[in-house]
Amino acid sequence: MEEANIYINAVAGISPQSVFNEGFSQSVIKPSGNRFVCMEPDYDELIDAKLIRRMSRIIKMGTAAALKCLQQANVEIPGGIVMGTAYGCLQDTEIFLKRIIDYKEEMLTPTAFIQSTHNTVGAQIALLLQCHNYNNTFVQSGHSFESALLDGALLLKEDEMNEVLVGAADEITPASHAILERFGLYKKQAGDNGFYNYTSKGTVAGEGACFFLLSNVQGEKNIAKLNGIETFLDVPDEEVENKINQFLAAHHLSINDIDLIIAGRNGDKKNDAVYDMLDKNIFTDKQTINYKHLCGEYPTSSSFALWLALKLVKDAGAAQFLCNQIINRDVKKILIYNHYLHTYHSLLLAGAC
């Protein structure tokens, strides 16, 4: 994305940490075995109880995070709604597939199928708001959230609207966790030696929903600025450093201008090799923190990384609590680098206005 004046006016999220209301919980919550589970809020505060009963877990999480984000910005109807998801509504998909088997493909109700589609969360948000504006959902695995961000930024850059709600939501269910575990993606046991120990192969499953209200208007509502977005596919580890330098140069910056780096380490030795290499080269002597010990690994986890970055812009001291690391200077510019399955690489540049 070329440099543009994209501002963030509000942010809200639901994650395995208690972040929905307080911003940060009193203690870092660790995974249960090799899986993180989101701490869900009291949905009655935002969603009608009759509707809640008809919603699956991921729909409730995504809808509540989106409504909370709009509530914080005092916006009733955004100019558009864009979101990214890799898994979609897994719980409803499983229900639909199970009913196909149980009822032998006969007498099936359409509800589970309708709610199993990937654009259900974005559509549900629009229905609740009575928002008839632009609505789009990106399903591109590890680039789903970044694609949604790019779409939202382009809409603002082209003056299609002044504000756009952008977010991501993905869940893990017992069935999907069991399937992915068979592929060796997750550790046999997380263990007590810390999230980033390499005594066992794999990572810890995660999930979450985060939404951001983007704007092209500079003003008092702005809490941060989104300076750049970049994605690339199937790049060898040794090429990542060049990609980062090129990305920063395109925004008239060098690594020396970055105050903080948020890295997507996930506790798997093979996955984290590129981060170790960058630490020895381009990230030498730079302040670097990790984030997946807070939310786990999932395709749209970079949305949580951006949520964390915005919180750190406002309160750098929170890093000491969240990441067991003291930030020794004001955080003005943050670079987020993450990759998913060594295939989907992304760079996000955010910071103070």
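None of the figures in this text is laboratory data; all of them are computed from the coordinates on show. Keep in mind that what you see is a predicted model, and the values were worked out from it rather than measured. Note that each Cβ is placed from the backbone with ideal geometry, even for glycine, and that neighbours are counted across all protein chains shown.
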Item to check | Positive-pole candidate from GLY202, CYS353, ILE261, dipole of the chain, charges at beta carbon | outcome: GLY202
Checklist entry - Where a Cα-Cα gap under 17 Å defines reach, which lysines qualify for LYS292, not counting those fewer than 8 residues away within the same chain? => result LYS30, LYS187, LYS201, LYS269, LYS270, LYS311
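What number, in percent, do you get for the relative contact order of the chain if the mean sequence gap of Cα pairs under 8 Å and at least 6 apart is divided by its residue count?
This gives 24 percent for the chain.
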Next on the checklist: So for region 6-215, averaging the separation of alpha carbon pairs under 8 Å that are six or more residues apart and normalising by length, what relative contact order in percent results?
Outcome noted: 33
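Just how large is the dipole of the chain about the Cα centre, in debye to the nearest 20, putting +1 at every Lys and Arg Cβ and -1 at every Asp and Glu Cβ?
On the way: 30 positive and 42 negative charges, 176 e Å.
My answer is approximately 840 debye.
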Checklist entry - Roughly how big is region 226-351's charge dipole about its Cα centre, with Cβ charges of +1 (Lys, Arg) and -1 (Asp, Glu), in debye to the nearest 20? => result 420
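Please work out the FRET efficiency for the pair ASP285 and GLU40, using the Cβ-Cβ distance as r and a Förster radius of 41 Å; give the result to the nearest 0.05.
Once the sixth-power term is evaluated, E becomes 0.55.
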Next on the checklist: For region 135-199, what does the relative contact order come out to in percent, with C-alpha contacts under 8 Å and a separation of six or more?
Outcome noted: 19
Checklist outcome for this item: With +1 at each Lys and Arg Cβ and -1 at each Asp and Glu Cβ, the charge dipole magnitude of region 132-237 around its Cα centre, to the nearest 20 debye, comes out at 460
Checklist entry - Given R₀ = 25 Å, FRET efficiency for LEU128-LYS314 by Cβ-Cβ distance, to 0.05? => result 0.30
Checklist outcome for this item: Once both label points are put 7 Å beyond Cα along the C-beta direction, the LEU108-ASN242 separation in nm becomes 4.8
Checklist entry - Amide H neighbours of GLY228 under 5 Å, counting only residues 5+ apart in sequence or on other chains, H built in-plane at 1.01 Å? => result LEU349
Item to check | Additional length obtainable on full extension of the chain from ALA178 to LEU154, 0.36 nm per residue less Cα span | outcome: 4.8 nm
Item to check | ³J(HN,Hα), Karplus 6.51/-1.76/1.60, whole Hz, each residue of region 228-233, x for Gly, Pro | outcome: x, 9, 8, 10, 8, 10
Checklist outcome for this item: Each label sits 7 Å from Cα toward the beta-carbon; between ASN74 and LEU97 the label points are separated, in nm, by 4.7
Checklist entry - Of PHE113, PHE20, how do they rank once you tally other Cβ atoms within 10 Å and put the fewest first? => result PHE113, PHE20
Checklist entry - For Rg and Dmax of the Cα atoms in Å, the listed values are (i) 19.6, 64; (ii) 24.1, 78; (iii) 36.3, 110; which was obtained by calculation from the structure presented? => result (i)
Item to check | Globularity ratio of region 226-351, using Cα Rg and 2.2 N^0.38 Å | outcome: 0.96
Checklist entry - If you stretched the chain out fully between LEU341 and ILE29, how much longer would it get, using 0.36 nm times the residue separation minus the C-alpha to C-alpha distance? => result 109.9 nm
Checklist outcome for this item: Per-residue Cβ contact counts at 10 Å, fewest first, order GLU105, GLU181 as GLU105, GLU181
Checklist outcome for this item: Amide H contacts under 5 Å for GLY167, restricted to residues at least 5 apart in sequence or on another chain and with H modeled in the peptide plane, are VAL82, MET83, GLY84, PHE212
Checklist entry - Taking R0 as 51 Å, what's the FRET efficiency between TYR198 and HIS252 from their Cβ-Cβ distance, rounded to 0.05? => result 0.85
Checklist entry - Hey, what do the phi angles of region 74-86 turn into as Karplus ³J(HN,Hα) couplings, whole Hz, using 6.51/-1.76/1.60 and θ = phi - 60°, x for Gly and Pro? => result 6, 10, 7, 9, x, x, x, 10, 10, 9, x, 8, 9
